[in-house]
1. Consider PRO295 against the criteria (1) open to solvent by 50 Å² or more (accessible area, probe 1.4 Å); (2) part of a strand (DSSP E or B): it satisfies all of them except one. Which criterion is unmet?
2. Considering only the stretch 86-120, state which residues are within 11 Å of the ligand (Cβ to nearest atom) and open to solvent by 10 Å² or more (accessible area, probe 1.4 Å).
3. Would you confirm whether any residue within the stretch 121-128 is more than 11 Å from the ligand (Cβ to nearest atom) and farther than 30 Å from LYS60 by Cβ?
4. Please determine whether any residue of the stretch 140-154 is at pLDDT 95 or above, open to solvent by 50 Å² or more (accessible area, probe 1.4 Å) and part of a helix (DSSP H, G or I).
5. Got at least one residue in the stretch 168-177 being assigned to a loop (DSSP other than H, G, I, E, B) and in contact (Cβ under 8 Å) with a residue 24 or more places away in the chain?
6. I need the full set of residues from the stretch 299-343 which are in a loop (DSSP other than H, G, I, E, B), out of contact with any Asp or Glu (no Cβ under 9 Å at 6 or more places or on another chain) and within 22 Å of GLY199 (Cα to Cα), in order please.
7. Please work out if ARG101 is touching a Lys or Arg at 6+ places or on another chain (Cβ under 7 Å) and touching a residue at least 12 places away in the same chain (Cβ under 8 Å).
8. Is it the case that the stretch 303-312 has a residue that's more than 16 Å from the ligand (Cβ to nearest atom), in the same structural domain as LEU18 (by TED's automatic domain parsing) and open to solvent by 20 Å² or more (accessible area, probe 1.4 Å)?
Amino acid sequence: MTDKLRVGVIGCGEISGLTTWGYRADERTSIYAIADPNTERAEQRAAEWKAEKVYTDYRKLLDDKAVDIAMIITPHDLHKQMVVDALDAGKHVSVQKPMARNAEECKAMVQAAKRAKGKFQVFECYPFYPPIAKAKELIDANEIGDVSMIRLRTTSGSLQCGWELTSTSWEWKFNQERVGGGTMFDDMHHKYALALFFGGPIEKVSAFIENPGMFLDTPATVMWRHKEGQRYGILDATYSPDLIIDTKYYPVEERVEITGSKGIIWVTRLTGGLMKIAPLIMYRDGETHSFSNIPAEWEDGFIRCAQHFIDCILADKQPYLSAEQGLQVVQFGRAVYKSAEEGVAVQPDSIV
Ligand SMILES: NC(=O)c1ccc[n+]([C@@H]2O[C@H](COP(=O)([O-])OP(=O)(O)OC[C@H]3O[C@@H](n4cnc5c(N)ncnc54)[C@H](O)[C@@H]3O)[C@@H](O)[C@H]2O)c1
């Protein structure tokens with residue numbers, strides 16, 4: 001292949017290294033341009049990623065005809081306008097999760113994706129994490145029978161462990177208005193996306209949240225019923241400030257347990273890995289199967305999510321998450337807050 005797809009990265013902060021990794025590692029793409037008002041950081045990244053152009057204004061990057069793919073990795077309050085502008089400029093567009101802060105913004109983006117020539121993806125890496133993808137494959141192959149319960153757990157640990165966070169780019173994450181909520185909106189996006197990935201659309205959701213909207217709005221519990229089958233889900237989120245988590249990434253420990261009519265699947269690690277056991281385990285017919293040899297680095301989900309988008313562009317296929325699927329995840333997150341605030345069960349579909 002001679003002509004590589006040229007990627008323009010809008011926002012080159014904390015997570016841009018992992019988010020662009022798949023593009024940098026793939027011979028079908030190259031990082032061509034970067035736009036970020038933090039010019040020092042942008043110049044640094046450009047040198048590291050061998051990008052030819054650096055812009056301070058993202059609209060200049062979108063005016064650049066050489067850019068094929070716009071990869072948007074910015075604070076959430078900027079997602080809607082950037083995505084709409086990028087799609088209207090004729091680019092293929094991938095935006096880091098969450099699609100936006102609320103359903104109204106997402107719906108404007110759904111419309112932009114419908115009229116666009118380019119492909120659109122909400123970059124949600126969790127379904128692409130190999131033990132999660134393998135769990136879905138086993139479920140689809142009926143290995144554990146009909147799924148009746150999806151259990152998702154998250155424990156945030158001491159900020160003394162994991163990678164060093166760059167304080168300059170972090171201020172907006174404490175601003176509820178810019179984020180759209182606290183961790184029960186932001187980090188839980190990954191878990192809501194997994195609930196939809198494994199169990200399909202949600203009928204109704206009920207939640208308890210301590211201090212909703214604060215940065216770490218935990219402890220929290222969420223329960224939901226899926227529309228299809230007799231299928232339920234439970235999520236719990238906690239913060240253990242003195243818990244040292246074994247991780248190269250954020251100090252977060254996650255576990256997944258899926259119960260079917262004839263078996264159970266566990267994903268035992270994602271961002272962090274406290275249990276020194278296989279990343280994926282399945283029990284059925286009196287036997288425990290440990291999948292010890294599948295890739296299980298958290299970064300693998302990012303790499304595969306980017307490669308999936310490239311595959312979809314080249315094969316003219318619909319990427320995952322689509323605009324409509326991105327909207328569903330955000331509606332789930334908004335329904336969780338509404339339920340916690342009003343003390344009632346909420347239908348995510350009713351969130352406008
Ligand atoms: N696991 C994951 O998939 C994961 C993890 C962390 C963050 N994220 C998501 O990635 C996105 C970015 O998060 P982050 O942690 O990298 O944030 P960050 O604050 O570290 O980086 C954001 C970057 O955007 C830049 N920026 C701000 N305004 C801009 C503008 N007008 N034009 C261009 N660039 C602009 C900032 O200068 C900064 O470099 C968010 O959507 C976040 O939710 C995803």
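The values are calculated or read from the model by the stated rules, or taken from the named source; none is laboratory data. It should be emphasised that the depicted structure is a prediction, and the values quoted were computed from it without experimental measurement. All Cβ positions, glycine included, derive from the backbone under ideal geometry; neighbour counts span all protein chains shown. Ligands, DNA and RNA are excluded from the accessible area calculation, which covers all protein heavy atoms including side chains. Shrake-Rupley method; radii C 1.70, N 1.55, O 1.52, S 1.80 Å.
1. Going through the list (1) open to solvent by 50 Å² or more (accessible area, probe 1.4 Å); (2) part of a strand (DSSP E or B), PRO295 breaks only (2).
2. Once the filter is applied, which keeps residues that are within 11 Å of the ligand (Cβ to nearest atom) and open to solvent by 10 Å² or more (accessible area, probe 1.4 Å), the stretch 86-120 yields GLN96, LYS97, ARG101.
3. First pass over the stretch 121-128, keeping only residues more than 11 Å from the ligand (Cβ to nearest atom): 121, 127.
From what is left, the residues that are farther than 30 Å from LYS60 by Cβ are 127.
Yes, the stretch 121-128 contains at least one residue that is more than 11 Å from the ligand (Cβ to nearest atom) and farther than 30 Å from LYS60 by Cβ.
4. yes
5. Taking the stretch 168-177 and keeping what is assigned to a loop (DSSP other than H, G, I, E, B), we get 170, 175.
So of that shortlist, the ones also in contact (Cβ under 8 Å) with a residue 24 or more places away in the chain come out as 170.
Yes, the stretch 168-177 contains at least one residue that is assigned to a loop (DSSP other than H, G, I, E, B) and in contact (Cβ under 8 Å) with a residue 24 or more places away in the chain.
6. Quick first cut of the stretch 299-343, residues in a loop (DSSP other than H, G, I, E, B) only: 316-322, 343.
Checking the rest, the ones that are also out of contact with any Asp or Glu (no Cβ under 9 Å at 6 or more places or on another chain) come to 316, 318, 322, 343.
Answer for the stretch 299-343, where residues must be in a loop (DSSP other than H, G, I, E, B), out of contact with any Asp or Glu (no Cβ under 9 Å at 6 or more places or on another chain) and within 22 Å of GLY199 (Cα to Cα): GLN318, SER322.
7. Numbers: touching a Lys or Arg at 6+ places or on another chain (Cβ under 7 Å): no; touching a residue at least 12 places away in the same chain (Cβ under 8 Å): yes.
Criteria not met by ARG101.
8. At the first step, the residues of the stretch 303-312 found to be more than 16 Å from the ligand (Cβ to nearest atom) are 310-312.
From what is left, the residues that are in the same structural domain as LEU18 (by TED's automatic domain parsing) are 310-312.
The next check asks that each one be open to solvent by 20 Å² or more (accessible area, probe 1.4 Å); those that pass are 311.
Yes: the stretch 303-312 contains one or more residues that are more than 16 Å from the ligand (Cβ to nearest atom), in the same structural domain as LEU18 (by TED's automatic domain parsing) and open to solvent by 20 Å² or more (accessible area, probe 1.4 Å).
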